[in-house]
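J.: One structure is given below, represented as structure tokens, and several questions about it will come after.
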Amino acid sequence: MNCFVTGASGFIGANLVHELAARGHRVRILLRPGSARRGLQGAAFEAIKGDLADATAVAAGLKGCDWCFHLAASYYLWLPDYAPMYAANIEGTRNVIQAAMRAGCQRIVYTSTVGCIGLPDSTNGSVTPSDESTPVSESQMDNHYKLSKWRAEVVAREFAARGAPVVIVNPSAPVGPRDVKPTPTGKVILDVLNGAMPAYLDTGLNWVHVRDVAAGHILAAEKGRVGERYILGHGAGNWTLKQLLEALAEITGVPAPRFKVPYGMALAAAHVNEALSRLTGRPPRAPLAGVRMARHKMFFNPNKAVHELGLPQTPPQQALRDAVEWFHANGYTKMP
């Protein structure tokens with residue numbers, strides 16, 4: 001297939017480009033001038049210079065393509081001005097889907113986030129993982145990033161309702177190789193490896209190998225039902241942060257942090273951080289949005305993607321080993 005990918009220089013995007021090329025697909029990517037190509041090294045692709053607002057570049061990238069993968073997004077938990085993020089995530093999505101329809105794409109895979117899935121039910125300390133049918137509304141989108149992605153997903157669903165061949169995927173917390181930036185999840189791993197995490201919060205995520213997420217995008221193009229959402233996660237990946245830290249300690253020999261920060265203390269520190277950021281214009285070390293999200297254990301059930309798409313289920317321990325190996329091999333760690 002001829003494939004067009006936005007967000008190809010990102011963590012999931014770079015792994016998707018590698019996976020598409022490895023499967024014999026022809027890949028064209030939209031790449032902003034100056035974007036890092038480190039994660040794309042070794043993959044075969046054609047680059048089109050431009051961004052989501054550049055209609056000419058988007059149209060050129062999509063010409064003759066069978067599949068469109070729209071992964072590009074602005075992801076920040078704190079900004080002095082959120083308007084550009086809303087524009088990129090909402091109007092950028094509209095622009096790409098409209099152009100993909102004009103180009104005659106057979107499938108348009110839109111990458112959302114599990115942040116747009118309903119919150120897991122937590123009763124008496126027991127968490128029931130959410131799935132695609134868990135009730136959710138815009139009122140649950142409690143920070144600007146989640147709200148912008150929710151509204152972008154609404155745009156994608158509206159296009160699907162009008163006949164566009166749109167399939168939506170909602171990745172959970174990917175880990176693995178090519179986390180160039182790194183992402184917030186990758187930063188957790190790096191902080192542990194480099195001794196920069198003295199304490200932790202009582203939170204949890206659904207951890208999944210980034211290669212499984214990349215494969216899930218391709219499977220969504222091949223088998224996904226138009227208008228449906230698919231959680232790209234791991235059935236055994238619902239781990240608390242403490243469990244993740246213990247697994248990392250077992251893999252690397254680096255001791256896991258033992259001090260658990262009370263939520264109220266973390267929230268107070270985030271308020272102070274953001275107050276300073278409003279004065280300095282520099283991003284806070286602990287954004288309020290991140291601390292507030294950590295209050296919920298973001299556990300999810302990916303059975304729909306496993307059963308309908310055949311989503312791979314690489315053990316989370318392997319995802320961690322692959323992430324550690326890549327960070328170490330690429331000079332991110334202080335490990336000998």
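J.: Could you list, in sequence order, the residues of the range 72-104 that are part of a loop (DSSP other than H, G, I, E, B) and within 15 Å of I48 (Cβ to Cβ)?
T.: Listed by number, the residues that qualify are A72, A103.
J.: Moving on to the next point. Counting only residues that are touching a residue at least 12 places away in the same chain (Cβ under 8 Å) and either in a loop (DSSP other than H, G, I, E, B) or among the charged types (D, E, K, R) (or both), how many does the range 26-49 have?
T.: Of the residues in that region, 14 qualify.
J.: I need the full set of residues from the range 250-279 which are part of a helix (DSSP H, G or I), in contact (Cβ under 8 Å) with a residue 24 or more places away in the chain and of a type in the set (G, A, S), in order please.
T.: A266, S277
J.: The conditions are (1) outside any helix (DSSP H, G or I); (2) touching a residue at least 24 places away in the same chain (Cβ under 8 Å), and R282 fails exactly one of them. Which is it?
T.: (2)
J.: Here's a follow-up. List every residue pair whose Cβ atoms sit under 7 Å apart, with the two residues 6 or more apart in sequence or on different chains, where the first one lies in the range 101-116 and is more than 15 Å from S74 (Cβ to Cβ) and the second, anywhere, is part of a loop (DSSP other than H, G, I, E, B) and of a type in the set (D, E).
T.: These pairs meet every condition: C105/D66; Q106/D66.
J.: Here is a further query. Of the numbered conditions (1) out of contact with any strand residue (DSSP E or B) (no Cβ under 7 Å at 6 or more places or on another chain); (2) more than 20 Å from N2 (Cα to Cα); (3) free of Cβ contacts under 8 Å to residues at least 24 places away in the same chain; (4) not aromatic (F, W, Y), L79 fails exactly one; give the number of that condition.
T.: Unmet for L79, out of (1) out of contact with any strand residue (DSSP E or B) (no Cβ under 7 Å at 6 or more places or on another chain); (2) more than 20 Å from N2 (Cα to Cα); (3) free of Cβ contacts under 8 Å to residues at least 24 places away in the same chain; (4) not aromatic (F, W, Y): (3).
Okay, residues lined up against (1) under 15 Å from A221 (Cβ atoms); (2) in contact with a Gly (Cβ under 6 Å, 6 or more places away or on another chain); (3) charged (D, E, K, R):
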{"residue": "C3", "(1), (2), (3)": "yes, no, no"}
{"residue": "S9", "(1), (2), (3)": "no, no, no"}
{"residue": "L16", "(1), (2), (3)": "yes, no, no"}
{"residue": "G24", "(1), (2), (3)": "yes, no, no"}
{"residue": "L31", "(1), (2), (3)": "no, no, no"}
{"residue": "L40", "(1), (2), (3)": "no, no, no"}
{"residue": "F45", "(1), (2), (3)": "no, no, no"}
{"residue": "G50", "(1), (2), (3)": "no, no, no"}
{"residue": "D54", "(1), (2), (3)": "no, no, yes"}
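J.: Output the residues belonging to the range 148-175 that are touching a helix residue (DSSP H, G or I) at 6+ places or on another chain (Cβ under 7 Å) and either part of a helix (DSSP H, G or I) or over 21 Å from S74 (Cα atoms) (or both).
T.: S148, K149, W150, R151, A152, E153, V155, A156, F159, A164
J.: Can you find even one residue in the range 202-215 that is over 16 Å from V175 (Cα atoms) and free of Cβ contacts under 8 Å to residues at least 12 places away in the same chain?
T.: The answer is no, given that none of the residues of the range 202-215 is over 16 Å from V175 (Cα atoms) and free of Cβ contacts under 8 Å to residues at least 12 places away in the same chain.
J.: Take A329 and decide whether it is surrounded by 17 or more Cβ atoms within 10 Å (Cβ to Cβ), out of contact with any Gly (no Cβ under 7 Å at 6 or more places or on another chain), without any contact (Cβ under 8 Å) to a residue 40 or more places away in the chain and among the small types (G, A, S).
T.: So A329 does not fit the description; no.
J.: Looking at N330, N273, which one is under 17 Å from K187 (Cα atoms) and not acidic (D, E)?
T.: Answer to the selection: N330.
J.: Mind checking which pairs have a first residue in the range 52-67 that is touching a residue at least 40 places away in the same chain (Cβ under 8 Å) and within 15 Å of G104 (Cβ to Cβ) and a second that is of a type in the set (F, W, Y) and crowded, with 18+ Cβ neighbours inside 10 Å, Cβ under 7 Å, 6 or more apart or different chains?
T.: Correct list of pairs: G61/F4; L62/F4; C65/F4.
J.: Being of a type in the set (G, A, S) and more than 14 Å from A214 (Cβ to Cβ) is the filter here; which residues of the range 10-36 pass it?
T.: Within the range 10-36, G24, G34, S35, A36 qualify.
J.: Also: Going by what's in this entry, would G104 be described as at pLDDT 95 or above and on the phi > 0 side of the Ramachandran plot?
T.: yes
J.: A follow-up question, please. Quick one: how many residues across the range 40-58 are crowded, with 24+ Cβ neighbours inside 10 Å and either over 19 Å from the mean Cα position of the chain (by Cα) or more than 23 Å from Q98 (Cβ to Cβ) (or both)?
T.: Total meeting the criteria: 2.
J.: What pairs can you find where one residue is in the range 165-191 and free of Cβ contacts under 8 Å to residues at least 40 places away in the same chain, the other is crowded, with 24+ Cβ neighbours inside 10 Å and assigned to a loop (DSSP other than H, G, I, E, B), and their Cβ atoms are less than 9 Å apart, with a gap of 6+ or different chains?
T.: Sorted first by the residue in the range 165-191, then by its partner, the pairs are T185/D179; K187/D179.
J.: Quick one: in the range 201-229, of everything that is touching a Gly at 6+ places or on another chain (Cβ under 9 Å) and among the basic types (K, R), which residue is nearest to G125 (Cα to Cα)?
T.: Result: R211.
The values are calculated or read from the model by the stated rules, or taken from the named source; none is laboratory data. Nothing here was measured: the structure is a model prediction, and the numbers come from that model. Counting neighbours? That spans all protein chains shown, and the Cβs are built from the backbone with ideal geometry, glycine included.
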